[in-house]
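> Have a look at this one.
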Amino acid sequence: MKKILAIALLTVLATITASAQLYDDYVDELRDTWQKTITVPNSQAPVVEKLLLAWGKEFPNEFVEIFDTYKKTGDTKNQGLYNYKVDYAPQNGFIEIYGSWTMIAEVDGNFLKGDTITRKKILQAVYWNLPNGNKLFGVSIEIDGEIFANCMIAFYEYNAAKGTLTPRFDVVKRIYDKMGISYPPEADETEIFVKLPKVGRDIKYNDFSSDRDKVIKWNGNGF
């Protein structure tokens, strides 16, 4: 019986690891492909919702599916062992979809045996007004686990008259410059996690050099 339980546990962990790696690969691919103009369909939905769904149609992922379920039912669906919560604040131009899964380390490794490990998958989306009347839309994805970590950010300019989201590579590059790394980042540099704000316009990031987040200030038109 113990042998069967051990095999079952290893099978579950292997499945979770494979799933995590697949999503990690998705983030890598998205970091390379996000720079394309996206058409935004006419909709009466709040702006941040409309922009996230237009973006998600171009880059399908489980976050958009979870948000769609949340909008239809007021609840979220789980993906495997992950539990999801949605923070939807259209008045702030903010959406966060937060997934987490907690386990206890079975063997010593990156963590000590018995340590609690929390794996996270987080998407954040925001929009801000620009002086030219357009809006700046940003989206970030963070994947955090026991042995892997990955993050991507993308910014677009939304022109309501044209119904388009146009990539703003200059904004993304400026953010990376402020963090002191190149773009595209090297593999070990993708572990710098960017946090888009629910309140205000300043971006926080954590490069794990200290316990405190660092801040990139918004100047009214950029960073």
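> Express in nm, to one decimal, how much length is gained between Ala45 and Ser100 on full extension, taking 0.36 nm for each residue of separation and deducting their alpha carbon distance.
Details: separation 55, 0.36 × 55 = 19.80 nm, distance 2.78 nm.
Full extension of this stretch gives 17.0 nm more.
> Past the 30 Å Cα-Cα mark, which pairs from Lys71/Lys178; Lys50/Lys204; Lys120/Lys173; Lys72/Lys120? Walk me through the numbers before you get to the answer.
On the way: Lys71/Lys178 36 Å; Lys50/Lys204 25 Å; Lys120/Lys173 25 Å; Lys72/Lys120 24 Å.
Pairs exceeding the cut-off: Lys71/Lys178.
> Is any residue of region 54-94 close enough, with backbone N under 19 Å, to a label point placed 7 angstrom from the Cα of Val199 along the Cα-Cβ axis, and if so, which?
From region 54-94, the list is 87-94.
> Given that compact globular proteins tend to follow 2.2 N^0.38 Å, what is the ratio of the alpha-carbon Rg of region 112-180 to that value?
Working: Rg = 16.5 Å, N = 69, 2.2 N^0.38 = 11.0 Å.
Region 112-180 yields a ratio of 1.50.
> So what are the ³J(HN,Hα) numbers for region 34-44, from phi and the Karplus equation (6.51, -1.76, 1.60; θ = phi - 60°), rounded to whole Hz, Gly and Pro as x?
5, 7, 9, 6, 10, 7, 10, x, 4, 7, 8
> So, one more: Within region 166-181, find all residues whose amide N lies under 18 Å from a label point positioned 7 Å from the Cα of Lys36 along Cα-to-beta-carbon.
It comes to 166-169, nothing else.
> Same structure again: Once label points are set 7 Å from the Cα along Cα→Cβ at both Thr118 and Phe208, what is their separation, rounded to one decimal in nm?
1.7 nm
> Among the aspartates and glutamates, select those whose C-alpha is under 17 Å from the C-alpha of Lys195, and discard any that sit fewer than 8 residues away in the same chain.
Leaving aside aspartates and glutamates fewer than 8 places away in the same chain, those within reach of Lys195 are Asp87, Glu96, Glu142, Asp144, Asp177, Asp207, Asp211, Asp213.
> OK, next. Give me Rg/Rg_expected for region 46-96, where Rg uses Cα atoms only and Rg_expected = 2.2 N^0.38 Å with N residues.
Numbers: Rg = 10.8 Å, N = 51, 2.2 N^0.38 = 9.8 Å.
Working it through for region 46-96, the quotient is 1.11.
Rule-based calculations on the coordinates, nothing more; no lab input. Since we're looking at a predicted model, the values are computed, not measured. Note: ideal-geometry Cβ built from the backbone for every residue, glycine included; neighbour counts use all protein chains shown.
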